[in-house]
């Protein structure tokens, strides 16, 4: 957000237990406040589904009134309504890279600290107002 020149509102950053109930509770709190967010990005898809439920109960239309985005791109993201936009985190590749680094360290081949960066992919579905290319 900083790179895009957008201000991060401290009141719109919250922690939860990464469950549907946790997402639901935080969304209820935000939606009852004086300022309603235009979009919510959840730490995972389960929280995003809870957020979507709270938005629906508050009479908000997704994505017309509020956009919702999750992380992980679980199978359920394409089975809820509206279908959830999600960030695919490449879990299998994360596991492969972690195992490779661990094996190298156990065999004494890699003693230097290194950073492995993987590029996530935005899977655009109905819960956001992003324009899909193609």
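The values are calculated or read from the model by the stated rules, or taken from the named source; none is laboratory data. Quick caveat: nothing in here was measured; it's all calculated off a predicted structure. Methodologically, a virtual Cβ is constructed for each residue, glycine included, from the backbone with ideal geometry; neighbour enumeration extends over all protein chains shown.
Things to note:
- Filter result for the condition that a residue is under 23 Å from residue 7 (Cβ atoms) and touching a helix residue (DSSP H, G or I) at 6+ places or on another chain (Cβ under 6 Å), over 37, 63: 37
- Cβ pairs under 8 Å, 6+ apart, first in the stretch 15-28 and at positive phi, second surrounded by fewer than 18 Cβ atoms within 10 Å (Cβ to Cβ) and outside any helix (DSSP H, G or I): 18/43
- Residue match in the stretch 74-84 (condition: assigned to a loop (DSSP other than H, G, I, E, B), in contact (Cβ under 8 Å) with a residue 12 or more places away in the chain, over 19 Å from residue 1 (Cβ atoms) and in contact with a strand residue (DSSP E or B) (Cβ under 8 Å, 6 or more places away or on another chain)): yes
- Residues in the stretch 4-31 that are farther than 16 Å from residue 67 by Cβ, at pLDDT below 85 and either touching a strand residue (DSSP E or B) at 6+ places or on another chain (Cβ under 7 Å) or not in a helix (DSSP H, G or I) (or both): 7, 8.
- All positions within the stretch 17-35 that are more than 13 Å from the chain's Cα centre (by Cα) and surrounded by 15 or more Cβ atoms within 10 Å (Cβ to Cβ): 22, 24, 25, 26, 27, 28, 30, 31
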